[in-house]
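Working notes, structure below.
Throughout, read-outs are computed from the coordinates displayed, never taken from laboratory work. Keep in mind that what you see is a predicted model, and the values were worked out from it rather than measured. Cβ: placed from backbone, ideal geometry, glycine included. Neighbour counts: every protein chain shown.
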Amino acid sequence: MSDGKQVFRLVHHTARQMASRACIQAPDGWIVEIKEANKSRDQEAKYHAMFSDVARQVKFMGEKRDAETWKRLLVDAFARIKAAEGDPVQGVGSIMPNLDGTGFVQLGVQTRRFSKRHASEFIEFLLAWGSDNNVQWTDTAPQGYGDLARGAA
C-alpha cells in the first residue's frame, strides 16, 4: 500500500472489495473514514442557476435582491426545515456582532458542505419554493433533473 490517500466510491461490488482489501492491508495506525458523498458540480450549477432565477423574479421585503442574498435566505430556510426533521445539514446558522460592533455577520450553513443527498433535497426544496412563489425556471441540468434527484450526477 502506498503512503498516499486512497478514495473508493462504493458504487459496485468490486469497489467494495477493493476498499475492504485496502483496509486489511493498511498499516497499523492508519485511519478509515466512510462518509456520504459530497455534492456534484452539476448539482451546484443547478441551484446557483435557480438562485439567479429567483433574484430576477421575486421580491423580498418589497425589493428585488441579488442571487447571493437569495442563496443565504433559501439555504437558511432549507437548513431550518432539515433540522426540524432531525436531519440537519452540516453547520449551524447564526448571527453575531461584527468585530467593531457596528453591525452583524451571518455565520453558518454553507452549500459547499452539502452532501450529495442534501444537495438533491435542496434542489427539490427550491423547486417547491419556486412553485409556491411563481418562479419560472430557465436553466435545465445538462443530464436532466431526474439524474440529479437520484444523486447520479
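Label positions at Ala84 and Gln6, each projected 7 Å from the Cα along the C-beta direction, are separated by 4.5 nm.
Net length available on complete extension from Val105 to Ala67 is 11.9 nm, with 0.36 nm assigned per residue and the Cα-Cα distance removed. Residues Ser115, Ser131, ranked from the fewest to the most other C-beta atoms within 10 Å, line up as Ser131, Ser115.
Dipole size of segment 14-123 about its Cα centre, with +1 on Lys/Arg Cβ and -1 on Asp/Glu Cβ: approximately 320 debye, rounded to the nearest 20. Within the shell of other residues whose beta carbon sits under 12 angstrom from the beta carbon of Ile81, the net charge comes to -3, with Lys and Arg scored +1 and Asp and Glu -1. Taking amide H positions as placed in the peptide plane 1.01 Å from N, state which residues far from Phe60 in sequence (5 or more) or on other chains have amide H under 5 Å from it. The answer is Arg65. Each other residue within a Cβ distance under 12 Å of Ser115 adds +1 if Lys or Arg and -1 if Asp or Glu, for a net charge of +4. Taking other Cβ atoms within 10 Å as a rough exposure proxy, His48, His13 sort from fewest to most as His13, His48. Exposure proxy for Leu126, Leu10: other Cβ atoms within 10 Å of each Cβ, ordered fewest to most, give Leu10, Leu126.
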